[in-house]
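The values are calculated or read from the model by the stated rules, or taken from the named source; none is laboratory data. The model shown is predicted, which means the values in this text are computed figures rather than measured ones. For neighbour counting, all protein chains shown are included, and Cβ atoms are generated from backbone atoms with ideal geometry for every residue, glycine included. Just so you know, the surface numbers come from the protein's heavy atoms only, side chains and all, with ligands and any DNA or RNA stripped out. Shrake-Rupley method; radii C 1.70, N 1.55, O 1.52, S 1.80 Å.
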Amino acid sequence: MATRFVATHECDASIEFKNAYINAKKEDIKIIKSPVGMPGRALNNSFIKQTETEKCKISKCYGCIKTCNAGTTPYCITRALINAVKGNIENALIFCGSNVDKIKEIVSVHDLIQELVKE
């Protein structure tokens, strides 16, 4: 459900992030292994493809996850999420829900709630 609220006018994510959701197709959704060791659903972009073949350079550790080791983790999850929110989509981890491909437009939260109540 949270995925749908990203593509609202009120969400403070960048327009590029919102458009990634709007333009997503079912085949763009991929289950990935995050640096915390848990699987996650994300859009298969350049960043994801790169992390499958090489380790990203980590220039700063944010200390956000106790179990993360900057020397062995494939990428910095904090940096990847910041990139997503700021619109640097090709260098971002774009987590999403399984129905992201059904989002076709940016709407207001009010209109989204009205649509959900109808269903």
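Taking Cα atoms, how many degrees apart are the long axis of helix 109-118 and the longest axis of the chain, rounded to 10 and kept between 0 and 90? The angle comes out at about 60 degrees.
If we sort 18-27, 60-69 on the protection proxy, mean other Cβ atoms within 10 Å, highest first, what's the order?
Working: 18-27: 15.6, 60-69: 11.9.
Going from most to least packed, we get 18-27, 60-69.
Peptides 100-112, 77-89 ordered by packing proxy, namely the average of other Cβ atoms within 10 Å per residue, highest first: 77-89, 100-112.
At a 1.4 Å probe radius, carbon and sulfur cover how many percent of the accessible area of the chain? Can you show the working numbers first?
Working: 3940 of 7350 Å².
Carbon-and-sulfur percentage of accessible area, whole number: 54.
Overall dimensions of region 51-119, expressed as equivalent-ellipsoid semi-axes from the Cα gyration tensor (√(5λ), whole Å, largest first), are 34, 13, 12.
Heavy-atom accessible area for Ser59, with the other protein chains in place and a 1.4 Å probe, reaches approximately 110 Å².
Taking only the Cα atoms of the chain, how large is their convex hull per residue, in Å³?
Details: hull volume 13.2 nm³, N = 119.
Dividing the Cα hull volume of the chain by its residues yields 111 Å³.
Please compute the per residue accessible area over the chain with all protein chains in place, 1.4 Å probe, rounded to a whole number of Å². Before the final figure, lay out each step's value.
On the way: 7350 Å² over 119 residues.
For the chain, the solvent-accessible area averages 62 Å² per residue.
Once the chain from Ser59 to Asp12 is taken as fully extended at 0.36 nm per residue, the excess over their C-alpha distance is 14.3 nm.
Here the simple spin-label model places points 7 Å from the Cα toward Cβ, and for Asn88 and Glu115 these points are separated by 3.1 nm.
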